[in-house]
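A short worksheet on the structure shown next.
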Amino acid sequence: MKSLQRIFAVVMKEVRQLRRDRLTFGMIIGIPTMQLLLFGFAINFDVRNLPAGVVDLSGSAASRGYVMQMANAQVIDIQHQAADARELEQLMRQGKISVGIFIPHDFERRLQQPERAAVQLLVDGSDTVVQAAATRLAAAARTSPYNDAPPPSEIRTYYNPERRSAVNTVPGLIGVILTMTMTMFTAVAIVRERERGNLELLITTPVRSSELMLAKILPYVLIGLVQVVLILLLGKWVFQVPFRGTLGNVFLVSLMFIVANLALGLVVSTIAQTQFQAMQMTFFILLPSILLSGFVFPFAGMPLVAQWIAEVLPMTHFMRLIRGVILRGASLQELSGELAILGVFIAVSMTLAVARFHKRLD
Amino acid sequence: MTSSPQDDIAIRTRGLSKRFGAVRAVENLDLDITRSQIFGFLGPNGSGKSTTIRMLCGLLTPTSGDIDVLGHDIPRDAEALKQKVGYMTQKFSLFDDMTVAENLRFMADIYTLPRRLRSGRIDEAVERYRLERLLGQFAGTLSGGQKQRLALGASMLHQPELLFLDEPTSAVDPENRRAFWEILFDLVAEGTTILVSTHYMDEAERCHAIAILDLGVLVASGTPAQLASDIHARVVQVEAESPRPVAKLLDRQPFVHSTAQIGSSLRVLVDHDLDDPVAATRRAAGDAGFTLRGCEAVRANLEDVFVSATQERKAKRDAGE
């Protein structure tokens, strides 16, 4: 009972201070909105005039017709004629072309054999937007009424074997945004009070370390959930992200992830001496979270060491959970393993934070 | 929980020491602080006053020595003590971005005052510490004196037996300081024990008992009157036409401990065992060709005690002790 009264006192204090901190308040709404819209621009980018190169070993009327047809779509702009495949690859490495069209000498014969690809499109996959555009291009060329016998093309993607889209990005963005904001909020929470001198007051009161830690994360849990709602709504309205799971599951999964990040931030806060140090440390969490969690690069393709590091980041588990829940409509039973890992993560971080926080100045 | 050896002792330390790396902040401190008194720590900055107070509250762990506060073994039993003591930090440590009323409510809740007592206690504090007109104001915008009244009111809400005040009046004008001390004496009359650190002599004189700290060592302790009569020096007040050269001359005399100028007169501390300090002083000045307008023995005050005590220790240090 007394414990509850003390927790309530600190929670109310945090809420009051938060309400008056305009910058932080702006961050709560601003970061999700800004990130989502920035990513949205990249996703909806209308690709035109990609620099392209052609190797035409066939030199036939049919091959010239095919190249012309590709050029007419205006997605690519044929700037280079190359002698062979090697030259084409070289042009791509140098960044002079994003798309290469390779027409073999037996182009006309291949057209008669539907099981063999007649043309090879080389695509610079280091840019996902280009990759997606080239995919559409190849499909368009096949179904175009311009040619009675559409040449089936084979696409070989370089540098990035997996194709992604807004559908995959938006659920992942929930993870990025929550990692960024949640860890940062609690990472500065205790350091800020130390810097302002409030900590010396707090530690002379009967409030327990565990009560203080709990009270520090409670207000932010609600803020995290508000952010999730915001991202989901924007994702639905702006990017038409399909929503297959139940809302309850999305919130439960997000809640676990929010608490995990807040607890992680608290640990940072007990280590850092200044707010600046706390910020620096959150970047050490944020960067691997974005890069290794499967948000940017597919998890399966990463070297083993990177996978091990990724497994200890809450974001990795959240990515699996949220994609499962939102895109595949998976049930919680099917994802219980990942949820349990987040639970363990929360328990360990909170214990660590409480153990590290001493009600002393030395 | 252990019980105090003597019930009228609020704080007892034996051999209390604290080191920060190579720096000896507090050395071998023995204190006995009586209940329902104002006990003062007098000393310059860096003398170990704050460090001692923090050790007594359990905020710092002593390097060695024993502490007993209100029957609690500190730092082992520090958490149990927290509900019984109030602590006013040197730097204002309430929340700048909350109003006076919000700060008071927060403190009432963090000390788990029962709801039925809460508003009554807050109202009392508001009246006693004259906070009525400031209730809606942000604590960060208060003046030095107002902040200090709020901090004291907030740390007394749970009616602690013992109150620690770490240089409470350093940002306060003289009028407010006076009012502040009146409140302290009210609190003592109600049974509170107060430990206050200061570097103001006039504040130290108001205390029931004081301890003079110098570089972490207790150099003298007792009531202000006792200390002034036990001083190991005598005080001569000198009036001179040109006090500066006279002060410089006297400083060079072997029997003179120190000189301090106050307006146009000099306060000279001389050897305790000098037969006639006034005659010795006159002779020294006369030999150098100075005529003194006045020269008389006066009663020692606390500042003399302080200077004499710290100088004695410096002399011992210089002698290689």
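The values are calculated or read from the model by the stated rules, or taken from the named source; none is laboratory data. Please read these numbers as outputs of a predicted model, since none were measured by experiment. Methodologically, a virtual Cβ is constructed for each residue, glycine included, from the backbone with ideal geometry; neighbour enumeration extends over all protein chains shown.
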Q | Cβ pairs under 9 Å, 6+ apart, first in segment B:104-120 and within 8 Å of chain A (Cβ to nearest Cβ), second surrounded by fewer than 12 Cβ atoms within 10 Å (Cβ to Cβ) | A | B:Thr112/A:Met1
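For (1) of a type in the set (Val, Ile, Thr); (2) in contact with a Gly (Cβ under 7 Å, 6 or more places away or on another chain); (3) buried (at least 18 other Cβ atoms within 10 Å of the Cβ); (4) not in a strand (DSSP E or B), each residue gets a yes or a no:
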position: B:Ile183; (1), (2), (3), (4): yes, no, no, yes
position: B:Asp186; (1), (2), (3), (4): no, no, no, yes
position: B:Val196; (1), (2), (3), (4): yes, yes, yes, no
position: B:Glu239; (1), (2), (3), (4): no, yes, no, no
position: B:Ala247; (1), (2), (3), (4): no, no, yes, yes
position: B:Ser258; (1), (2), (3), (4): no, no, no, no
position: B:Val270; (1), (2), (3), (4): yes, no, yes, no
Q.
Can you tell me how many residues within segment B:24-60 are under 18 Å from B:Arg14 (Cβ atoms), small (Gly, Ala, Ser) and more than 15 Å from the chain's Cα centre (by Cα)?
A. 2
(Q) I'd like to verify a number: residues in segment B:107-124 that are assigned to a helix (DSSP H, G or I) and surrounded by fewer than 21 Cβ atoms within 10 Å (Cβ to Cβ), how many? (A) 9
(Q) With the condition being within 20 Å of A:Ser254 (Cα to Cα), at pLDDT 95 or above and β-branched (Val, Ile, Thr), I'd like the helices (runs of 4 or more DSSP H) fully within segment A:265-362 carrying at least 2 qualifying residues. (A) A:336-356
**Q.** Residue, nearest to the chain's Cα centre (by Cα), within segment B:174-194, restricted to residues that are of a type outside the set (Phe, Trp, Tyr) and within 18 Å of B:Lys91 (Cβ to Cβ)
**A.** B:Arg177
Q: Report, by residue number, each residue of segment A:264-276 that is surrounded by 16 or more Cβ atoms within 10 Å (Cβ to Cβ) and either under 21 Å from the mean Cα position of the chain (by Cα) or without any contact (Cβ under 8 Å) to a residue 60 or more places away in the chain (or both).
A: A:Leu264, A:Gly265
Q. For B:Arg293, all conditions in the list (1) touching a residue at least 24 places away in the same chain (Cβ under 8 Å); (2) surrounded by 12 or more Cβ atoms within 10 Å (Cβ to Cβ) hold save one; what is the number of the exception?
A. (2)
Q. Within segment B:79-99, is there a residue that is free of Cβ contacts under 8 Å to residues at least 40 places away in the same chain, more than 26 Å from the chain's Cα centre (by Cα) and farther than 18 Å from A:Glu193 by Cβ?
A. no
Q: Kindly provide the set of residues from segment B:20-52 that are more than 21 Å from B:Gln90 (Cβ to Cβ), in contact with a strand residue (DSSP E or B) (Cβ under 9 Å, 6 or more places away or on another chain) and of a type outside the set (Asp, Glu), ordered by number.
A: B:Asn28, B:Thr34, B:Arg35, B:Ser36, B:Gln37
Q: State which residue is farthest from the other protein chains (Cβ to nearest Cβ) when the search covers only segment A:7-34 and only residues that are charged (D, E, K, R) and loosely packed, with under 15 Cβ neighbours inside 10 Å.
A: A:Arg22
**Q.** Top-ranked residue in segment B:76-87 [being crowded, with 21+ Cβ neighbours inside 10 Å and within 9 Å of chain A (Cβ to nearest Cβ); ranked as nearest to B:Arg35 (Cα to Cα)]
**A.** B:Val85
Q) When segment B:131-146 is examined, which residues are found to be surrounded by fewer than 18 Cβ atoms within 10 Å (Cβ to Cβ), touching a residue at least 12 places away in the same chain (Cβ under 8 Å), more than 12 Å from chain A (Cβ to nearest Cβ) and not in a helix (DSSP H, G or I)? A) B:Leu135, B:Gly136, B:Gln137
Q: Could you tell me which of the residues A:Ala71, A:Ala62, A:Ala52 is farther than 30 Å from A:Ile223 by Cβ and either not hydrophobic (A, V, I, L, M, F, W, C) or not in a helix (DSSP H, G or I) (or both)?
A: A:Ala52
Q.
With the requirement that a residue be in contact with a strand residue (DSSP E or B) (Cβ under 7 Å, 6 or more places away or on another chain) and crowded, with 16+ Cβ neighbours inside 10 Å, what does segment B:64-75 give you?
A. B:Gly65, B:Ile67, B:Asp68, B:Val69, B:Leu70, B:Ile74
Q. When you scan segment A:317-334, how many residues do you find that are farther than 17 Å from A:Gly235 by Cα and in contact with a Lys or Arg (Cβ under 7 Å, 6 or more places away or on another chain)?
A. 0
Q: Just need a number here: residues in segment B:88-99 that are part of a loop (DSSP other than H, G, I, E, B) and more than 8 Å from every other protein chain (Cβ to nearest Cβ).
A: 1
Q.
Condition check: surrounded by 22 or more Cβ atoms within 10 Å (Cβ to Cβ), touching a Ser or Thr at 6+ places or on another chain (Cβ under 9 Å), outside any loop (DSSP other than H, G, I, E, B) and not charged (D, E, K, R). Does B:Leu213 satisfy that?
A. yes
Q: Mind telling me which of the residues A:Leu234, A:Leu212 ends up being surrounded by fewer than 20 Cβ atoms within 10 Å (Cβ to Cβ) and either under 15 Å from A:His358 (Cα atoms) or within 34 Å of the chain's Cα centre (by Cα) (or both)?
A: A:Leu234
Q: Considering every residue within segment B:56-74, establish whether at least one is touching a Phe, Trp or Tyr at 6+ places or on another chain (Cβ under 8 Å) and more than 9 Å from chain A (Cβ to nearest Cβ).
A: yes
Q. Applying the selection to segment A:327-356, what residues are surrounded by 16 or more Cβ atoms within 10 Å (Cβ to Cβ) and either more than 30 Å from A:Val170 (Cβ to Cβ) or not assigned by TED's automatic domain parsing to the domain that holds A:Phe239 (or both)?
A. A:Leu352, A:Ala353, A:Val354
**Q.** Unmet criterion (only one of (1) within 9 Å of another protein chain (Cβ to nearest Cβ); (2) surrounded by fewer than 20 Cβ atoms within 10 Å (Cβ to Cβ)) for B:Arg128
**A.** (1)
Q. If you check A:Arg93, A:Arg86, A:Arg48, A:Arg64, which single one turns out to be more than 30 Å from A:Gly175 (Cβ to Cβ), at pLDDT 85 or above and exposed (fewer than 12 other Cβ atoms within 10 Å of the Cβ)?
A. A:Arg86
Q) Among the residues of segment A:190-205, how many are part of a loop (DSSP other than H, G, I, E, B) and either surrounded by fewer than 21 Cβ atoms within 10 Å (Cβ to Cβ) or more than 8 Å from every other protein chain (Cβ to nearest Cβ) (or both)? A) 1
Q.
So A:Leu255 ticks every box in (1) more than 17 Å from A:Thr181 (Cα to Cα); (2) hydrophobic (A, V, I, L, M, F, W, C); (3) at pLDDT 90 or above but one. Which box is left unticked?
A. (1)
Q. Which one of these does B:Met55 not meet: (1) buried (at least 23 other Cβ atoms within 10 Å of the Cβ); (2) over 21 Å from B:Gln90 (Cα atoms)?
A. (2)
Q: Return a yes/no flag: does segment B:46-54 have any residue that is small (Gly, Ala, Ser), within 11 Å of chain A (Cβ to nearest Cβ), in contact (Cβ under 8 Å) with a residue 40 or more places away in the chain and touching a His at 6+ places or on another chain (Cβ under 7 Å).
A: no
